[in-house]
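Read through the structure below, which is laid out as structure tokens, and then see the notes.
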Amino acid sequence: MSIRAGIATRDKHAGRDMTASTSSAANSGQNRMAAPAGMLIDRDRPITFRFEGKSYQGLAEDTIASALAAHDVWLLGRSFKYHRPRGVRSMAGFEADPLVQLEHEPNVAADRRKIEPGLEVRGQHYSGSLENDRQAIIARLSRFLPVGFYYKAFFRPQGVWQRVWEPIVRRSAGLGSVRTDSPHGYYDKAYGFYDVVVVGGGPAGLAAAAAAARAGAEVLLVEQERALGGSLNYARFDAEGVRGTRLRAQLVGAVEHDPRIEIMTEALCNAWFANNWLPIIRANRLYKIRAREVILATGSTEQPAVFRNNDLPGIMLSSGAQRLLKLYGVRPGRRAVVLTGNSDGYGVALDLAEAGVAVASVVDMRANPAPCPLSMAARDRSLAIVTGHAVYEALPTSRNRHVRGVALAPIIGQGQCGPADHRFDCDLVCMSPGYTPAYQLALQAGAKLGYDDSTAIFSIQGLPAHVSISGSVNGACDVDAAMADGEHAGWLTARTLGLYAGTEPELPGDRGERGINFPWPMFPHPKGKEFIDLDEDLHYADIVNACADGYAELELVKRYSTVGMGPSQGRHSALATARIVADVTRRKVAQIGVTTARPPLAAEKLGVLAGRGFEPERFTAMHHRHLEAGATMMPVGLWWRPAYYGPRERRETCVREEWLSIRNNVGLIDVSTLGGIEVRGPDAAELLNRMYTFAYLKQPIGKARYLLMTNEAGTVIDDGVAARFAEHHFYLTATTGGVDGVYRAMLWWNAQWRLDVDIANVTAAYAGINIAGPNSREVLTGLCRDVDLSAEAFPAVAARVGTVAGVPARIIRVGFVGELGYELHVPASQGEALWDALLVAGKAHDIRPVGIEAQRSLRLEKGHIIVGQDTDAMTSPHECNMGWAVKLDKPFFVGNRSIEIRLKHPSRRRLVGFEIDDPHSPVPEESNIVLDGDTITGQVTSVARSPVLNLVIGLAYAHPRVETDGVIHIKLSNGRMVDARVVDPPFYDPQNKRQEM
Amino acid sequence: MKIMHCPLNGPRNISEFTTAGEVGEMPDPRQADDAQWAEHVWVAYTKVGVVKEWWCHAPTSYWFIAERNTVTDEILRTYPANEIYRERKHFGAPEDHGG
């Protein structure tokens, strides 16, 4: 630590010298470089935030991690299993280590989230403090925590997992914590349609977007970072270090000036779905984008090298160090060792040296690296270079808080090192062993992954039509090759779209794949801790042992070891794992591949998926009248219906009064939600005859008839009433919840039957009012002059067309509630007017609106079933006593053959009525079971206490043997039993005299 | 999300559609024995390869037929049902039935 402390002091002095011009930059951390370093940050806008309770000053556009790094704070979190100190690695998000806790948000990527004034940030996953995590002791137990530990350790004795281990494991593992009192966020969705969507705004994506747009395509360019440019923003391509900036200006300028290109930055294309449907997440909005063509220019992911203690804070990907330098103007350390297997490492070394970081050594794993412009520039700068060596071990400061040096050893074989022969002090190790194409979206689209043993690099083949890849994801690793590849992809896509795109641009000759990946940058150590997967704390031996335990297939290795299951989803571990499994099982890497790529690409918030609610609601034409009358509304399917007219606390009184008003006087029920279907044409009666169990061919005009529908299995699925208004015209009602299915079923069957009939769902076109009760005729007579309402002229189940209160109405005498009553079906636009007129006309009779709770109880007194409440997915008509409505002598109806078969077999249950007359007896609830000894024979389907009969009445399924006046035994919700007497419904007015008045 | 071409409404998101399974011939209810009828009602064959299926564009309740490869989930063709169902279906003489 002495080196670090010494340099830190010098830096502070250097900072003070600069305070005159850039005071805020100076306060923003001792590792902050002087202007103009840091293309993203705004030096004029300092921002103060807190981390672990301590205040820090950063600059606008800093991430949490970059602002802390500027203050030399590197320890951001503790690892999942061993609680080892961890810090930034990629500065690109996606891995577990830099996940932090905000006040109202857990698992925030510190290397992506921008700081805000007053932001409270804490580390995650420690006990005590982040600096001194009490659970770090677990690391010492690592040899007792082998791969597959959970499977091996906790399964016996029985129950010990739930009682003992799970609570302990849950406390010591896991990530951040959720606060249930967090305020709600606003999330929504948007939709977009484009000719071309380019995913990735690096050199290839920029070139592709420009080329496609030039040919006339409407292009959306999606970039997950804040600034377009990709690697042009931070990587080094030439000895002078100017090429990236120049190329960026040129490519980004072209894209930004093209009106056909829409640019979306800080936007994550989180999946590829069929037919180029892309969910793109930007802040709290989910864009659902449809593209005719998709170009995936997703780039590649730099890979870590594998050596002992490769997880220490201060050890990072070279691109991570470059992002700190170039994007945020933060020095990633004071004294660096660069471990490389390609020329990019020399670029990093040059960048570091130019930023004032001492480069202790460039360690090139290649024995005889071919000279390249970058390595020559490094030599010109007299940087120390060691070839044919690996970092064999990183040396930690106390409690593994930071790297303090490395031990190098010569590479003598694949993954084998000789004795360590160099040692360097350093506080920064940059790793450049190679790359993996960002293959996730391409694989989701159906591509296959290959592996070229000569280049040691994954490749992607077999994309579906209308999806292409370009740039380094396509193996065009060199920046010029990537641009040329992008240009070509844009041209080809435009041509596929039928646009004139000019002559074919040349494909790159040298794609730069060769020599970019060092084939085996993994060096197992006898003492372990060479991490393959940092999210899951898996080291080299864990993968080897998973194979040794018999799991040779990658999908099994993954499930057994959990490799690739953490937040980085294998971005940094899949290549290493595939290489090890191939090596251990003596197969080719191409045969191992990677585990199945599934959406989403990265973690997404549930709020983004939920967005704003688009729950449709339906109101009847009289809805506002119900509200004005003080009704308590309840949902029925999508509809809102009045349960009863009054406040919740007066429920019992309201229901009772409404109930009695219909039995003794007159009431109005809004039945608009009933389904309405018009059937017209020469085959109208034939259609009904085939769709419903009853008979309709000879149904007289001006009469209504009951409708019972079964499905092909002979199960009751709907009921209603058919009114015949003309030879070729029926008006049908269906249940509120069933009408859409009924209508769809009719159309489906008639697509096969080809009957000459027109079927229309007119539910929304009609409002319905049931006026019922002994005084209903009198009230209606005052409003209806053109229909003779007398019992003789308009008897029960008759149907008429007339005018009520000036409103054209279909009038049907039906008896659902078991009293004299009329259903009035009128155009929805006039429902409210009719409702008002009926209330005025009925004033003298003290008419009152009646809600559905009373309606349901009234129909129960009559023993009328409600399909879906008193029937279930297997109820046959005969089980629910509807055999009278089934005409098996018809040539055909849907369900007839199945009903015939079911009638041959003894029924297992029957719907019976029951009564409980003891006023002190507890009342069963719907769904309470009916028992015959130990055997469940059925359940209660409807129950109510009738104020008219002064009894508890109900319907229940019971054994078919149960006889009238027998007893059924009902088990209450509290476990007690109650007996009920079996009766034949209807309970009320068994002769049906009242509805036929 | 997959796109399906409705013969009536053109290309629409697959979430707007529902399916009623494979297009199959209903056995003659008067000829089929109980076992054959039960098989018709309860057994689905989930064939591997190209199948004809019933699909319905839910917002318009329009039924049509799609030929789909169940292995690749590729929709090969969609067309109106009357390409297959051309004649009025009869179930014996209606005059002595009904009421």
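The values are calculated or read from the model by the stated rules, or taken from the named source; none is laboratory data. The shown structure was predicted, so the numbers you read here are calculated from the model rather than taken from an experiment. Every residue, glycine as well, gets a Cβ built from its backbone with ideal geometry; the counts of neighbours run over all protein chains shown. Note: accessible area is taken over every heavy atom of the protein model, side chains too, but ligands, DNA and RNA are not part of it. Shrake-Rupley method; radii C 1.70, N 1.55, O 1.52, S 1.80 Å.
With R₀ set to 51 Å, the beta-carbon distance separating A:H104 from A:Q869 gives a calculated FRET efficiency near 0.75.
What the phi angles of segment A:178-189 give under the Karplus curve with 6.51, -1.76 and 1.60, with θ = phi - 60°, is a coupling list of 9, 9, 7, 9, 5, x, 5, x, 9, 10, 8, 10 Hz, glycine and proline written as x. Entry note, chain A: the mean residue ellipticity at 222 nm calculated from DSSP H runs of n ≥ 4, each adding -39500 (n - 2.57), is -7000 deg cm²/dmol after division by the residues and rounding to the nearest 500. Considering all C-alpha pairs of chain A, those separated by over 43 Å amount to 54%.
Taking each residue as 0.36 nm, the span from A:T803 to A:E256 lengthens on full extension beyond its C-alpha to C-alpha distance by 190.2 nm. Taking segment B:25-69 and a reference point 7 angstrom along Cα→Cβ of B:I84, the backbone N atoms nearer than 14 Å belong to B:25-27, B:45-47, B:50-56, B:63-69. Counting every C-alpha pair in segment A:432-579, the share spaced more than 27 angstrom apart comes to 33%. Proximity of backbone amide H atoms, modeled 1.01 Å from N, is registered between A:S942 and A:L955 at under 5 Å, excluding neighbours fewer than 5 places apart on the same chain. Relative to the first principal axis of the alpha-carbon coordinates of chain A, what is the inclination of helix A:831-841, with its axis defined by its Cα atoms, in degrees from 0 to 90 and to the nearest 10? The answer is roughly 40 degrees. Determine, from the Cβ-Cβ distance of A:Q414 and A:A603 and an R0 of 35 Å, the FRET efficiency 1/(1 + (r/R0)^6), rounded to the nearest 0.05. FRET efficiency, A:Q414 to A:A603: 0.50. Comparing the full protein assembly with the isolated chain (1.4 Å probe, heavy atoms, ligands and nucleic acids excluded), the residues of segment A:890-922 losing at least 40 square angstrom of accessible area are A:P891, A:F892, A:R897, A:I901. Inter-part distance, segment A:569-603 to segment A:770-789, computed on C-alpha centroids, equals 78 Å.
Compute the separation of the alpha-carbon centres of segment A:187-204 and segment A:260-317 and state it in Å as a whole number. What the calculation gives is 11 Å, centre to centre.
Once the chain from A:S177 to A:H624 is taken as fully extended at 0.36 nm per residue, the excess over their C-alpha distance is 156.4 nm. Pairs from the list A:K588/B:K52; A:K703/A:K887; A:K448/A:K558; A:K189/B:K2 with a Cα-Cα gap above 30 Å: A:K588/B:K52. Model label points for A:K698 and A:R981, set 7 angstrom from Cα along the Cα-to-Cβ axis, are 4.1 nm apart.
Here the accessible area is traced with a 1.4 Å probe on the protein chains. For segment A:260-371, carbon and sulfur cover 43 percent of it. Partners of A:K971 within straight-line reach, counting lysines whose Cα lies under 30 Å from its Cα and excluding those fewer than 8 residues away in the same chain: A:K862. Nearest 0.05, what FRET efficiency do A:S382 and A:Y186 give at R0 = 60 Å with Cβ-Cβ as r? Using R0 = 60 Å, I get an efficiency of 0.60. Counting 0.36 nm for each residue step from A:R651 to A:A35 and taking away their Cα separation leaves a gain of 214.4 nm. The C-alpha atoms of chain A define a longest principal axis, and helix A:318-328 lies at about 80 degrees to it. Solvent-accessible surface of segment A:663-784, averaged per residue with a 1.4 angstrom probe and all protein chains in place: 27 square angstrom.
Pull out a ≥ b ≥ c, the square roots of the eigenvalues of the alpha-carbon gyration tensor of segment A:683-745, then state rounded if a/c is under 1.5, prolate if not and a/b is larger than b/c, and oblate in the remaining case. Prolate, because a/c is 1.5 or more and a/b exceeds b/c.
Ranking A:C477, A:C430 by solvent-accessible area of protein heavy atoms (1.4 Å probe, all protein chains present), from largest to smallest, gives A:C477, A:C430. For A:E926, no residue has an amide H sitting under 5 Å from its own, ignoring neighbours fewer than 5 places away on the same chain, with H placed 1.01 Å from N. Check cross-link reach from B:K47 to the aspartates and glutamates: straight Cα distance under 18 Å, and skip same-chain residues fewer than eight apart. Answer for B:K47, where 18 Å is the Cα cut-off: B:E22, B:E25, B:E39, B:E67, B:D73, B:E74, listed by chain and number. Contact order for chain A, expressed relative to its length and based on alpha carbon pairs under 8 Å spaced 6+ residues apart, stands at 8 percent. Shielding value for B:13-23 is 1, the average number of Cβ atoms from other chains within 10 Å of each residue's Cβ. Segment A:35-83 and segment A:369-446 have Cα centres spaced 26 Å apart.
Taking a ≥ b ≥ c as the square roots of the eigenvalues of the alpha carbon gyration tensor, segment A:886-997 is oblate, as a/c is not under 1.5 and a/b does not beat b/c. Residues A:W884, A:W161, B:W63 ordered from highest to lowest accessible area at a 1.4 Å probe: A:W884, A:W161, B:W63. Per-residue 3J(HN,Hα) values for segment A:329-338, derived from phi via the Karplus relation 6.51 cos²θ - 1.76 cosθ + 1.60 with θ = phi - 60°, read x, 10, 6, x, x, 10, 9, 10, 10, 10 Hz in sequence order (x marks Gly and Pro). Close amide H contacts of A:K703 (hydrogens built in the peptide plane, cut-off under 5 Å, sequence separation of 5 or more or a different chain): A:R724, A:A799. Enter the accessible area of B:V48 (Å², nearest 10), with the probe set to 1.4 Å and all protein chains included. My reading of the accessible area for B:V48 is about 120 Å². Phi-derived couplings, Karplus 6.51 cos²θ - 1.76 cosθ + 1.60 at θ = phi - 60°, listed residue by residue for segment B:68-82: 9, 8, 6, 7, 9, 6, 7, 8, 8, 6, 10, 7, x, 5, 6 Hz, with x used for Gly and Pro.
Mind checking the log10 I(q)/I(0) for segment A:557-650 at q = 0.16, 0.17, 0.22 Å⁻¹? Debye, one equal scatterer per Cα, no solvent, two decimals. Once normalised to I(0) and log-transformed, intensities are -0.78, -0.84, -1.06. Axis of helix A:243-256 versus longest Cα principal axis of chain A: the two differ by about 30°, to the nearest ten degrees. At q = 0.14, 0.20, 0.21 Å⁻¹ the log10 of I(q)/I(0) for segment A:500-617 amounts to -0.71, -1.08, -1.16, computed by Debye summation with a single uniform scatterer per C-alpha, solvent ignored.
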